[in-house]
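So the structure is just underneath, and the comments pick up after that.
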Amino acid sequence: MLKRGVSKTAIVFLVVMVLFFASHVNLSLLSRSNVSVASSISKTRPGAVSKTREERPARSPPHSVLPEIKRAITCDCSHKDYDLWFINGPTLFDPITSTFFTAGPSNSTPPDLAVKFHPYPRKTDERAKSKVNELTLTSAPPKSPCGITHSSPAIVFSTGGYTGNFYHQFNDVLLPLYITVNSLSLNRDVILTVTNWSEWWVQKYADLLHHFTKHPILNMDNQTRTHCFPSAIIGLMTHGPLVVDPTQTQQKTLLAFHALLEKTYIPRGKHVSTLDKSKNARPQLVLVNRKNGVGREILNLKEALRAIEEVGFKAIVFEPKRNGAVGDTYRLLHGSHAMLAVHGAAMTHLLFLRVGMVLGEIVPIGTDWLAKTFYEKPARVLGLEYMKYKIGVNESSLAEKYGADDLLLSNPPAFVNGNWTKAKVYMKTQNVKLDMVRFRKYLKEVFVKAKRFMDKEG
């Protein structure tokens, strides 16, 4: 029974208005949500991290920004060290303009989208990026037809940046490539598509690279014809300094990468010893010597080698060369019982050592954090016997120049105070003159562990 003064017509009118208003609000919210996601794709710059939840690309899987809408170009831009771009459908690469075009039908990506990107996993390092070719990704239609058509997706990366350095060859390319391939379950059915091509680099690591792909490696820089792929991944993932996070790589670890190196460079998984196997065989120690004139050299090298021999080691001096055969180096180190080096890129050879081997690092003044972060931590992950020799102030060549009481030597963190430019004095101008009394004591401890390893493992 209706109350007096209220007609049926009025009630019907009110109900209709409420339903109309609710419908309008829902449509408006849905529309606004779609615009936010599209805006995040079209406006996000490489290197920028989106600030709102709606703008942040989804991370599992990385390229699935909006599950219900397949977008032609997406990005996992949520990481501090790298961006990973995806072209989720047919793409054409034009080598003349260094541009990847979307070549398939799509009505979800704005047609004017164009992204400039350096495919190197150091997105905030402008110096590194200045040495990496810039690529363009665009949703605009290609202007040329396919010259060469591939049936497998491309994974695009650079061998520019800092890859002249042995540490960065692994940390910036080889390990990120391993992480990316395993994170995305690519199973070798990808075409490694390389810019800043270095012939020496590709030849040096050819045996290892072919574990990531069953296809020929493509040099982007010398192409004259367009290339078409069913999809493309542009960039590489990284987890940190010689780090592999198993939660993001199908349970792969740094130990699994270590095993891949052994599979690549040691036939049938058997280590190759460079020693004689007589009862009087001595543990073999490889001293990796810096001889490049840019700091951290051992000034009394002959005395150090004599001490190494006198405590019972067979000493071998190894001086890395850029074009040196990786297999030969691997077999030398893998067949030894201890490795010793001054802090620097050559310490990356720890990846070549057998589990349980002794790894000695001579740590100059001002390099403690670097030594721990870049080498001690991964060494322990690999099950190596890491042994640090921290030099004293009087063993540093900087003491002669600045005086032992200078802040530069007495308190390096206070001297640097977050300024990397000031830290270069420790890396570029400091050499080491070992205190032979201290060093001999250290060597005796190294020998005990190396001898124990030799007796157990051969």
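With all protein chains kept in place, the per residue accessible area of segment 101-222 amounts to 41 square angstrom at a probe of 1.4 angstrom. Ordered by solvent-accessible area of protein heavy atoms (1.4 Å probe), largest first, the residues W197, W420, W85 come out as W420, W197, W85.
The 3J(HN,Hα) values that the Karplus relation (6.51, -1.76, 1.60; θ = phi - 60°) gives for segment 303-314 are, in residue order, 5, 5, 5, 5, 5, 4, 5, 5, 7, x, 7, 8 Hz. Gly and Pro appear as x. Sequence-distant contacts, meaning Cα pairs under 8 Å at least 6 residues apart, place the relative contact order of segment 272-430 at 22 percent. Seen from all directions on average, segment 93-228 presents a Cα convex hull projection of 8.8 nm². Bridgeable aspartates and glutamates around K143 (alpha carbons under 12 Å apart, same-chain partners fewer than 8 residues away excluded): D94.
Of the peptides 140-147, 178-185, the order by per-residue mean of other Cβ atoms within 10 Å, starting with the highest, comes out as 178-185, 140-147. Annotation: amide H of K390 within the under-5 Å range of V363, sequence separation 5 or more or interchain, hydrogens built in the peptide plane. Full extension of the segment from K279 to I148, taken as 0.36 nm per residue of separation minus the current Cα-Cα distance, would add 41.0 nm. For the set K214/K291; K129/K390; K129/K204; K116/K214, the pairs lying more than 32 angstrom apart at their alpha carbons are K214/K291; K129/K390. For segment 268-390, report the accessible area per residue in Å² (1.4 Å probe, heavy atoms, rounded to an integer). With all protein chains present, segment 268-390 gives 42 Å² per residue. Packing here is the average count of other Cβ atoms within 10 Å per residue, and on that basis the peptides 301-307, 354-360, 282-288, 162-168, highest first, run 282-288, 354-360, 162-168, 301-307. Among the listed pairs K422/K449; K131/K372; K252/K388, those whose Cα-Cα separation exceeds 32 Å are K422/K449.
Using amide H atoms built 1.01 Å from N in the peptide plane, name the residues 5+ places from T91, or on other chains, whose amide H lies under 5 Å from its own. Distant-sequence amide H within range of T91: A103, F229, S231.
The values are calculated or read from the model by the stated rules, or taken from the named source; none is laboratory data. No experiment lies behind these values; they were computed from the predicted model shown. All Cβ positions, even for glycine, are placed from backbone atoms using ideal geometry, and neighbour counts span all protein chains on display. In case anyone asks, the SASA skips ligands and DNA or RNA and just uses the protein heavy atoms, side chains included. Shrake-Rupley method; radii C 1.70, N 1.55, O 1.52, S 1.80 Å.
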